[in-house]
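Got a structure here, written out as C-alpha cells. Questions coming.
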Amino acid sequence: MPNLNDLYPTPVGARRVLQGNTAFALGALHAGIHAANGYPGTPSTEAMEAMLEAPDRILAGWSVNEAVAVGVAMGHAIAGRDAIATMKVPGLFQAADVVASAASSSAFTGALVLFVATDHAPSSTQYLVDSRHFLSSLRIPVVEPRDHQDLYRAPRIAADMSRRFQTPVAILCSSVLCHAEGVVAIEETRTVAPSPSAAAQGHVLLPQDALRAFRHGVVRRIPDIAQWAESSPLVDELPGIGEFGIVATGEAALVVRETLALRKLRAPLLSLGIVHPLPLERIRTFVSKFKNVYLFEDGERFVEGALAQAGIALQGKEKDPTLTNWTPDEVGAALDGTLGRPPETPISHPGVRAPKRPPSICPGCPYKAASLAIQSLKRQGKVELVFGDIGCSTLLHFQGALDLNLCMGASESMRQGFVLSEPAMAARCISLIGDSSECHSGMDATRNAVFRRIPGVKVVLDNRAIAMTGAQASPTSRTTESGKAPFDLVASLDAEGARSERVDAYDRQAVEHAIEAALRDAETGSFRTVVLEGACIEVADRTAKKGTTLSVDEDLCLLCGACDVCPGIDTAPGETPVFNGLCTRCGEGAELCVAACPVQAISVARHDAKSASRPTSGPIAPASDSNSETSEPLPPAVRVAVCGVGGQGNLFLGKVLAQVVQSSRDFDRNIVKGEVHGMAQKGGTVCSTFACGDVHSPVFATGSVDILVVMERSEVLRPEFLGLLKPDGAIVLNDQAILPLGCAIEQYPGMDSIRESTRGFRTISLKASEFAPRNANAAMLGALSTLDPFDRIPVDAWEDALTRLSPLESIAQGNLFAFHMGRQKSSPIREPSEQGTSIAREAP
C-alpha cells in the first residue's frame, strides 16, 4: 500500500487507485481528524495501519482491545478533538458497553466516529450479525459507504455529523470495500480547530440521565438527522429508463450498478449511503414514480423493515430472507425474474474437482511445534480435548490440534466451566490462546482460574504480534529501541498467581514435555500456564541466518518423510526432499525439519552466493518517468481473475495491472481491484480480481471474466473460479502443484484432467517455478502480457510498473527477469507433458 505521507499532498482533483481502508485513512487526514485508536481485525486493520504512517498529522495508536480503543477515542472527544475508533464487527460488541454509554453522554464536544468493518458473507468472522439493529437502538446514526469515493469522504461527513448533532456516528463498511481497491478523486484538505472542552464535572451517567438521553435521541437527535439526510451527499438518484426502480444501500448499490452494466440495463437507482435514520421523504418521492420498486441491502431486512413501518412497501428479500450478502449473480437472478427473463444457465465444466484446501498456518510458523506436540499427546491419550481461541491458533484445528473455540479470550473460561462439570478432565484437557488474545481479553479467565482455584493447563502461544491480521504490534511486541516488550506477559501471569513456564516455541520436544508436566500438576489440583515463545515469521529477525542455507545429504537421507512438517519442503515417494520458495527457515527459530530428521541428513550450510545466483536477461533500465500509452485503447471493459494458493503473491499481479493502466491513456476510466474474502492464509485458496473500464464491483459475475490467471494448476478446477470465465475466455496456467493438507499424490488431479476440464478455452501454460521460484507471479504477468487485450500495452509499461512496485532493486531485477522469461516460456496447454511438474506438499 502507498504510504499515507506520500498520498497526503496529492493535488485536488487528482485520481488515485486506493484500497478502501487506505482511502478512509487518507480521508481522515484530509478531514482534519485529530486522533484514531483501534484494535486489529480483518477487514478493518489497514485503516489504522495507514494512519500510523503519519504520526505528524494524526495521533494514532493500537489499543489492547476495542473497548479500550473506544474509551480512548471518547477521551479525545471530551478534550474537543475529532477522534475515530476502528474495529471489525465483533469488536463493536466487545466494546458495546462503552459505545452504549457514549451514546447517552453529553460530555464530548469533539467528534466520535466508529469505523466498523462488517462481514455479512461472513468470511472472516465466527458469527453473522447485523449490527444496525444494535446501533439504531442506541439512536446512533449509521453510514454505509457505497464505493471508494464514499469511503474517502466518510470521515469528514461523519465527524461533521457527530459535532453538529452531538452523537457518536457509526460507519459500517463492507469487507469487500475495505479490502478492494478503486478510484478516488482527491478533495480539499481542511484543518479543524479543537472544540472547547466540556466541563468534566457534571457528566456522570446515572439512570435518570439515560432516560433523558433516550428521550432526546427519539424526539430530537434522530428526527434532526433524518431531516439533514434528505439533502445530504449520502443520497444519490441515478436516472434511467424502465417501469421499475431500484433502492440500494451501501456496497449492494455497487453490486447493483455492476449487474445493470453487465445486463445493459438502465433502471433508475436511488442509492443510499445512510441507513439510519432513513431519508423517508426522498424515498417516498422516488417510489411514487414506479409500479414496482426493488430493494437491495446487505445484512438482514433492516431497511426493508424500517420502510414497511413507515408505510413504504418495496420488494425485498421475501423469497430468500437468509440472503445477507448480494452478489452480481444474485442481483442478476432477481432482475431476470422481474423482467420475465429465463434464468441464466451456468456453464457446465466437465472433469474432476480441485482438492479441498483448508487454510493453514504459514510455513515456519512458531505454532507448528505446538501443533505437533499436541497431536502427539492426543495420540498417547494424554490430551483429550483442546479449547481454542480466535486468531492464527484457530488454524491448528485443521491439523487436529484444536477441537473447539468460541470467541476472543474465551478458551480458558470454556475449559474452566467444562472442568467444573467434569473434574476428572482437569488433567486431560488444555486451553490454547495467542499472546495478543490473552492481552485482549483472555487474562480475565486466567485470574478467574486463580480466584476460583480451578486446576488445569493454559498454553499461551506468544509470537510477539497480532499475527492473523498482519503482524500488528501487541503489548508483547519487542521494540526496536530496547529489543524488549513494554509488557512482560510471563511476569504478569506470575503476579496474578498463575505459575508460568517459558518454553522455546521451536523446540518440539521441550514443548511436549512442558505441557505433559503441567498436566501432571493439574492432577494434584494446580493451575499452570505454559508460554511458548517464538516470533511470528512476519516480525522475526533473521539476521543470524543470513549467508546460510538448508541442504539435504542424499547419501544419508532415508526417504522416510519424517521431515515433511511444513509446506516449505517438497517431498515425494522415492525422491530426496527439496526446499521450495515457501520456506522461511522457521524465522529466527531452529528449523523443525532439521530436528525431525532421524539421521541428521538435513543441515544448515554456508550459502554459496555464486552457485546460487540466477542469470538475468542483462542490465535493467530504471523506470521511466514518462507515461506509457497503449498503441490502441483497451476494450470497454476488461476483467481478470487470479486464483491460486496463499503465499504465491497473487495480489501483486493486480497491483501491476492497476499501475500499468494508470500510466496509460485508459486511466480516464474506472479501475477496481479485489481480493479473497476472509483468511488469506498461506496454503489456503485465494482469489483476487482486477477490472477496468465500465466496471463497478470487484466481485465478478459468472461468465464475465476475460482472462483467468491460475497460479497453482488444480485451482483452475474450482467451479467458482472456472465458472467466472466468458465462453471465449482465456486461461494462463502455472503448471505447479501444491498438495493440500491430507491429500495423497495419487488423489491430486493430473494435467490430463486439467486439459479435459479446460477444453474449449484458450489456454497457455508455463512452469514458472522452474525458472522463477520466488517470482512466479512476475512470470505469469509476462505470459499475460502476450494475450489480447494486454498485448496492446507496450513492454516498457510493464517493466516500469514492475520496477516501481518492487521494494528493492534486487527484487526488481528478479521480477523483470521472470517477466521476460514468462513471455518466452508460455505455450499452449496441449503441448506440455506430465514430466517435470513441480510438486509441493502442505505439511500435516
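So what's the convex hull volume per residue for the Cα atoms of the range 387-508, in Å³?
111 Å³
Next up: Students sometimes get this wrong: rank R220, R823 by accessible area, probe 1.4 Å, all chains present, largest first.
Highest to lowest solvent-accessible surface, that is R220, R823.
Counting only the heavy atoms of the protein chains, how much of S663 is accessible to a 1.4 Å probe, in Å² to the nearest 10?
In the full protein context, S663 sits at about 20 Å².
Considering only DSSP states other than H, G, I, E and B, which GluC sites (Glu not before Pro) in the range 193-268 qualify as loop sites with at most 12 other Cβ atoms within 10 Å?
Sites meeting the loop and neighbour criteria: E243.
Cut-off under 18 Å on the C-alpha distance; same-chain residues fewer than 8 positions from K382 excluded. Which aspartates and glutamates are left, in chain and number order?
Of all the aspartates and glutamates, those that pass the test against K382 - Cα under 18 Å, at least 8 places apart if same chain - are D403, E422, E512, E516, D521, E523.
Please state the charge dipole magnitude for the chain, taken about the Cα centre, from unit charges on C-beta atoms (+1 on K and R, -1 on D and E), reported in debye and rounded to the nearest 20.
I would put it at about 1060 debye.
Still on this structure, please answer the following. Note down the accessible area of I764, probe 1.4 Å, to the nearest 10 Å².
Result for I764: roughly 30 Å² accessible.
Non-local amide H neighbours of G245 (under 5 Å, H modeled in plane, Pro and chain starts lacking H): which ones?
So G245 has HN proximity to N292, V293, Y294.
Tell me the label-point distance for the pair N5, D694, using the 7 Å Cα-to-Cβ offset, in nm and rounded to one decimal.
In this crude spin-label approximation the distance works out to 4.4 nm.
Would you list F244, F108 from the most to the least accessible area, probe 1.4 Å?
Values: F244 25, F108 0 Å².
So the residues, ranked largest to smallest area, are F244, F108.
Determine which aspartates and glutamates satisfy two conditions relative to K655: a Cα distance under 14 Å, and not lying fewer than 8 residues away in the same chain.
Excluding near neighbours in sequence, the set is E181, E675, E799, D800.
As a test question: what accessible area, to the nearest 10 Å², does Y367 have when a 1.4 Å probe is rolled over all protein chains in place?
Its heavy atoms expose roughly 10 Å² to the probe.
With 24 Å as the limit, write out which pairs from K356/K545; K289/K317; K291/K317; K319/K356 have Cα-Cα distances beyond it, or answer none.
Distance filter (> 24 Å) returns K356/K545; K319/K356.
Which value in Å is the Kirkwood Rh of the range 690-759 over different Cα pairs?
Mean inverse Cα-Cα distance, inverted, gives 13.3 Å.
For the full complex of protein chains and a 1.4 angstrom probe, list K319, K825 by accessible area with the highest value first.
Of K319, K825, the descending order of accessible area is K319, K825.
How large a share of the accessible area of the chain, in percent, is made up of carbon and sulfur atoms when the probe is 1.4 Å and the other protein chains stay in place? Walk me through the numbers before you get to the answer.
Numbers: 17450 of 33360 Å².
Looking at the chain in its full context, I get 52 percent from C and S.
Still on this model: Which residues' amide hydrogens lie under 5 Å from the amide hydrogen of V459, considering only partners 5 or more residues apart or on another chain, with H built in the peptide plane?
S431, L432, I433, V530
While we're on this one: Once you sort the root eigenvalues of the Cα gyration tensor of the chain as a ≥ b ≥ c, which label holds: rounded (a/c under 1.5), prolate (a/b larger than b/c) or oblate (the other case)?
Oblate.
Which order do peptides 88-94, 584-590 fall in by mean Cβ count within 10 Å, highest first?
Order by mean packing, descending: 88-94, 584-590.
Using 1/(1 + (r/R0)^6) with R0 = 56 angstrom and r between the beta carbons of D236 and R762, what's the FRET efficiency to the nearest 0.05?
0.90
The values are calculated or read from the model by the stated rules, or taken from the named source; none is laboratory data. The shown structure was predicted, so the numbers you read here are calculated from the model rather than taken from an experiment. Using ideal geometry, Cβ is built from the backbone for each residue, glycine included, and neighbour counts are taken over all protein chains shown. For accessibility, only protein heavy atoms count, side chains too; no ligands or nucleic acids. Shrake-Rupley method; radii C 1.70, N 1.55, O 1.52, S 1.80 Å.
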